[in-house]
Amino acid sequence: SAESLDKMREVGVIAAVQPAFIYGEADGYSQLLPEDKQEQFLPLRTFIDAGVTIAASTDTPCAHYNPFWGLYSAVTRKGMQGYQLGTAEAISVPEMLRAMTMGGAALTGEQENKGSLEPGKLADLAVLDRNLNATPDESLRDLEVDLTMVDGRVVYQKKE
């Protein structure tokens, strides 16, 4: 309800969400959930529009560890076989990236040290194999990491 969402925002509740469950399980939801519940499942748009901070994760080992599958599902609301839940709760790529970075840092109380690339913050980052802003929504699940840095040091580099 709007009242509950207002209360969540007022007291600083952060919604920990795992869009990877849409990717892995949505294709069976038509048999499990009534249509209105499919539309409302994982109400990302509702949370954001109400000003509630969301922190997105994969929820490994319960869901697959690939963060790009969750990104894909948050944006498209589609499962791995293409079944689409209601699109009213879809969010944009920048909104999901914020949930995966700043939202996660806020959830753990580490927003002063993590979550964005700024002077004085830890330099943990991933370099992707393509321009995320130019990637069509249907290709988001195919993103790959070329390089990963932790504490400013390269800890992974894709072999060519």
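Cβ-Cβ below 6 Å, separation at least six or inter-chain, first residue in segment 134-160 and closer than 25 Å to residue 74 by Cα, second open to solvent by 80 Å² or more (accessible area, probe 1.4 Å): which pairs?
Every condition considered, the pairs that remain are 147/157; 148/155; 148/156.
Of the numbered conditions (1) loosely packed, with under 15 Cβ neighbours inside 10 Å; (2) closer than 19 Å to residue 145 by Cβ, residue 87 satisfies every one except a single condition; which is it?
Condition (2) is where residue 87 drops out.
Any residue in segment 11-33 that's in contact (Cβ under 8 Å) with a residue 24 or more places away in the chain: show its pairings with residues that are among the polar types (S, T, N, Q) and open to solvent by 50 Å² or more (accessible area, probe 1.4 Å) at Cβ separation under 6 Å, as long as the two are six or more apart or on different chains.
What qualifies is 14/53; 18/57; 27/81.
Quick one: which of 3, 25, 110 is open to solvent by 60 Å² or more (accessible area, probe 1.4 Å) and part of a loop (DSSP other than H, G, I, E, B)?
Details: 3 fails: part of a loop (DSSP other than H, G, I, E, B); 25 fails: part of a loop (DSSP other than H, G, I, E, B).
Going through 3, 25, 110 in turn, just one is open to solvent by 60 Å² or more (accessible area, probe 1.4 Å) and part of a loop (DSSP other than H, G, I, E, B): 110.
Of the conditions (1) open to solvent by less than 70 Å² (accessible area, probe 1.4 Å); (2) within 15 Å of the chain's Cα centre (by Cα), residue 94 satisfies every one except a single condition; which number is it?
(1)
What about residue 141, is it over 16 Å from the mean Cα position of the chain (by Cα) and either basic (Lys, Arg) or exposed (fewer than 14 other Cβ atoms within 10 Å of the Cβ) (or both)?
So residue 141 does not fit the description; no.
Select, from 29, 65, the only residue that is closer than 30 Å to residue 155 by Cβ and modelled with pLDDT under 95. Let's see the steps before the verdict.
Numbers: 29 fails: closer than 30 Å to residue 155 by Cβ.
After ruling out the rest, the residue left standing is 65.
If you scan segment 12-21, which residues turn out to be modelled with pLDDT under 95 and outside any loop (DSSP other than H, G, I, E, B)?
20, 21, listed by residue number.
When segment 33-81 is examined, which residues are found to be open to solvent by 50 Å² or more (accessible area, probe 1.4 Å), farther than 20 Å from residue 13 by Cα and not in a helix (DSSP H, G or I)?
The answer is 33, 34, 60, 61, 62, 64, 65, 80, 81.
For the structure I just gave you, tell me whether residue 91 is part of a strand (DSSP E or B) and either in contact (Cβ under 8 Å) with a residue 40 or more places away in the chain or within 28 Å of residue 5 (Cβ to Cβ) (or both). Outline the logic, then answer.
Working: part of a strand (DSSP E or B): no; either in contact (Cβ under 8 Å) with a residue 40 or more places away in the chain or within 28 Å of residue 5 (Cβ to Cβ) (or both): yes.
In short, no.
The values are calculated or read from the model by the stated rules, or taken from the named source; none is laboratory data. Since the model is a prediction, treat every value here as computed from it, not as a measurement. Cβ: placed from backbone, ideal geometry, glycine included. Neighbour counts: every protein chain shown. These accessible areas exclude ligands, DNA and RNA; they are computed on the full protein's heavy atoms, side chains included. Shrake-Rupley method; radii C 1.70, N 1.55, O 1.52, S 1.80 Å.
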